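Note sheet for the following structure.
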Amino acid sequence: MSNSLPTARWRSRTPTRSGHIDPPNWRPMSETRIGNNGPSTVAGRVEEAEHDRRRREHNVHLQPGTLVIRDRAPYRIVEIREQPHDLWPEKFEHYWRLHHDLWAANPGSRPEPTRETWRDRPVVVVLTPDGGGEERHMIGPASHDWPVLPEHYAVCRSCGELPPCREEELDRVVSAQLAKSERLLAIPAGNCMGCGEAISSRQKSVRFPGPNLWRPDLAAGTARFHARGECAHWVDAYRGQWIALGAPASAEQPALPLGEGDAA
């Protein structure tokens, strides 16, 4: 049984709704506004009602048959069940104790939390690939926000993932790297390795000794940059790689005119 949940960093290009294992905990604007005064116009009341309707429709109470996303692919929920208390993984037990101890230290008017209603209690979610396939069992917090797909969605014809698929993202990264490499290869020796423009004798510059990390085809000591604000981010990027290879940051010297600002 896996203890991982769908990543929150990637987002499907198909618009999704927000799926909740517990009933969605949202309140209309009339209950959340400060003060008791509502909209004073018909248009304002209609706008507020539309806002509440969109929130209500966006938050979905997950049920068997709901389409959700896992690993960039569409899955249907087969079953959602509570994890027995004696089978809670240790990390859930740990955070439950912290949660309860925090309440005990300052109970105030709040009711004592229970394991049955704790929003981060572990639950088991059984999924099956949309269209058929092997069931997947997952365990995670009940508070996890699941992306819910509509019944009509797009998938990549080549790999079956929801767009943007991994291959599309890889192609985009590779294209960006190739564009950067082509730009660097077009910079003449002695020019600024950031903007590519020539460094005049009246301009301050920073030079890094040793092999040229961005242009290995050039001689050592040719990694030079303008010492100006427009090129500072390139200097910082190169400096980070230079230090990572063992050069001490304290050895860098301030920029000097005539291209003499060695970072040695």
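Side notes on the structure shown:
Rundown of residues vs (1) of a type in the set (Gly, Ala, Ser); (2) over 30 Å from TRP96 (Cα atoms); (3) touching a strand residue (DSSP E or B) at 6+ places or on another chain (Cβ under 9 Å), yes/no style:
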| residue | (1), (2), (3) |
| --- | --- |
| GLU134 | no, yes, yes |
| HIS144 | no, no, yes |
| ALA176 | yes, yes, no |
| ILE199 | no, yes, yes |
| SER205 | yes, yes, yes |
| ARG224 | no, yes, yes |
| GLY229 | yes, yes, no |
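- Checked against the criterion of being surrounded by 12 or more Cβ atoms within 10 Å (Cβ to Cβ) and among the hydroxyl-bearing types (Ser, Thr, Tyr), region 163-179 has no qualifying residue.
- Beta carbons closer than 6 Å, at least 6 apart along the sequence or on distinct chains, pair a first residue in region 88-117 that is in contact (Cβ under 8 Å) with a residue 40 or more places away in the chain with a second that is open to solvent by less than 70 Å² (accessible area, probe 1.4 Å) for PHE92/PRO122.
- Of ALA232, ALA219, ALA198, all but one fail to be of a type outside the set (Phe, Trp, Tyr) and in a helix (DSSP H, G or I); the exception is ALA232.
- Complete set of residues in region 68-115 that are under 25 Å from TRP10 (Cβ atoms), part of a loop (DSSP other than H, G, I, E, B) and open to solvent by 60 Å² or more (accessible area, probe 1.4 Å): ASP71
- Tally, over region 25-36, of residues that are open to solvent by less than 70 Å² (accessible area, probe 1.4 Å), assigned to a loop (DSSP other than H, G, I, E, B) and on the phi < 0 side of the Ramachandran plot: 3
- Test: residue in region 37-58 that is aliphatic (A, V, I, L, M), at pLDDT 95 or above and either open to solvent by 40 Å² or more (accessible area, probe 1.4 Å) or in contact with a Pro (Cβ under 8 Å, 6 or more places away or on another chain) (or both): no
- Residues in region 141-151 that are within 23 Å of GLU169 (Cβ to Cβ) and assigned to a loop (DSSP other than H, G, I, E, B) were compared, and the one that is most open to solvent (accessible area, probe 1.4 Å) is ASP145.
- The residue that is modelled with the lowest pLDDT, counting only those in region 185-218 that are hydroxyl-bearing (Ser, Thr, Tyr) and surrounded by fewer than 14 Cβ atoms within 10 Å (Cβ to Cβ), is SER201.
- Residue match in region 165-181 (condition: part of a loop (DSSP other than H, G, I, E, B), more than 30 Å from TYR75 (Cβ to Cβ) and charged (D, E, K, R)): no
- In region 1-24, residue least open to solvent (accessible area, probe 1.4 Å) [restricted to those that are of a type in the set (Lys, Arg) and modelled with pLDDT of 90 or more]: ARG17
- In region 121-131, the condition of being closer than 28 Å to SER18 by Cα, among the small types (Gly, Ala, Ser) and open to solvent by 50 Å² or more (accessible area, probe 1.4 Å) is met by at least one residue.
The values are calculated or read from the model by the stated rules, or taken from the named source; none is laboratory data. Every value quoted in this text rests on a predicted model; they were computed, and no experiment measured them. Cβ sites come from the backbone with ideal geometry, for glycine too, and all protein chains shown count toward neighbours. Ligands, DNA and RNA are excluded from the accessible area calculation, which covers all protein heavy atoms including side chains. Shrake-Rupley method; radii C 1.70, N 1.55, O 1.52, S 1.80 Å.
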